[in-house]
Amino acid sequence: MAARAYWQGQIKLALVSIPVEIYSATRSGATISFKQIHEPSGKPIHYEKVVTGIGPVDKDEIMKGYEVKKGEFVLLEQDEIDAVKLESKRTLELTQFVDADAIDVLYYEKPFFVVPADDLANEAFIVLREALKRTKKVGLGQLALRGREYVVSLKPSGRGMVLETLRYADEMEKAQGYFREIPDDDPDGELLDLAEALIDRKSAAFHPQEFHDRYVDALKDLIERKRKSRGKKVIEDDGATNAPKASNVVDLMAALRQSMDGKGGGSTANKAPAKKSAPRKRAPAKSSVKKRA
């Protein structure tokens, strides 16, 4: 395999050890990178590592230090840090299995491809992969990667498996602080039926290649126009990108019906046929549709 393994070690399940390698499953997308420029000279700004009262220092003179109290540091050599013994630096022990949908999506951080390290590992690797598929479970363990230990999940993916690093609970904000003010009301039955029908109409298979970063395209266009303008401002304000102004009264029923009629519904290309919703109990009829400012 041409790519360099991000981590090499073994997956341990009870007394079974499977030598594996993991590779990053993501790569940086197309981005526009800007540099800071000194306008009068047109030259780029550079940053130097400096010590107060001394000035710029050589890279070889820099060590890692932990501040134990104000102004007092414990200095560590890199090989001292590398020598810290942690079982999870070389072994991912699967200590628990949970339902595939039991982990909140907010905890997932970064995915990695997991492959057998050699032909001898294939049989045990395939057995674990298929067992996870049959049971619809996700394996959990802890793994040390690049200077910290992560909680990770392991799940089957095609012929291989995918490992995902998870955030710790203390890294997560409490959702209640953000959602507390949202009413816990039952929606109007007819409105809910219309919303479900609209979702069914727009349901289709996920094709990630159909999406791309339009902001990057717009920045490239801006850069080209700026280059051709020889420094003149090229801001265009045709009102098309202005944020929509909220109406005093939003008729949700009318908006949903217009969407179902195809007005303002967006492109319907490559969309799957609408599915028929199962009959559902209607909420008690209301004398008028509730409107909201």
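A few points about this structure:
- Some residue of segment 105-127 being assigned by TED's automatic domain parsing to the domain that holds Leu13, in contact with a Lys or Arg (Cβ under 7 Å, 6 or more places away or on another chain), in a strand (DSSP E or B) and within 15 Å of Gln10 (Cβ to Cβ): no
- Number of positions in segment 88-103 that are farther than 14 Å from Glu21 by Cα, part of a loop (DSSP other than H, G, I, E, B) and either free of Cβ contacts under 8 Å to residues at least 12 places away in the same chain or not hydroxyl-bearing (Ser, Thr, Tyr) (or both): 5
- Restricted to segment 187-266, the set of helices (runs of 4 or more DSSP H) holding at least 2 residues that are at pLDDT below 80 comprises 214-229, 252-260.
- Test: Leu143 is more than 21 Å from the chain's Cα centre (by Cα) and surrounded by 16 or more Cβ atoms within 10 Å (Cβ to Cβ): no
- Contact map, segment 1-28: residues that are touching a residue at least 40 places away in the same chain (Cβ under 8 Å) and farther than 12 Å from Gly141 by Cβ paired with residues that are assigned to a strand (DSSP E or B) and among the hydroxyl-bearing types (Ser, Thr, Tyr), Cβ distance under 6 Å, separation 6+ or inter-chain. Pairs shown: Tyr6/Tyr23; Tyr6/Ser24.
- The residue that is surrounded by the fewest Cβ atoms within 10 Å (Cβ to Cβ), among those in segment 1-38 that are among the β-branched types (Val, Ile, Thr) and under 21 Å from Leu163 (Cβ atoms), is Thr26.
- Positions within segment 15-64 being assigned to a loop (DSSP other than H, G, I, E, B), within 30 Å of Ala124 (Cβ to Cβ) and modelled with pLDDT of 85 or more, in sequence order: Leu15, Ala25, Thr26
The values are calculated or read from the model by the stated rules, or taken from the named source; none is laboratory data. Since the model is a prediction, treat every value here as computed from it, not as a measurement. For neighbour counting, all protein chains shown are included, and Cβ atoms are generated from backbone atoms with ideal geometry for every residue, glycine included.
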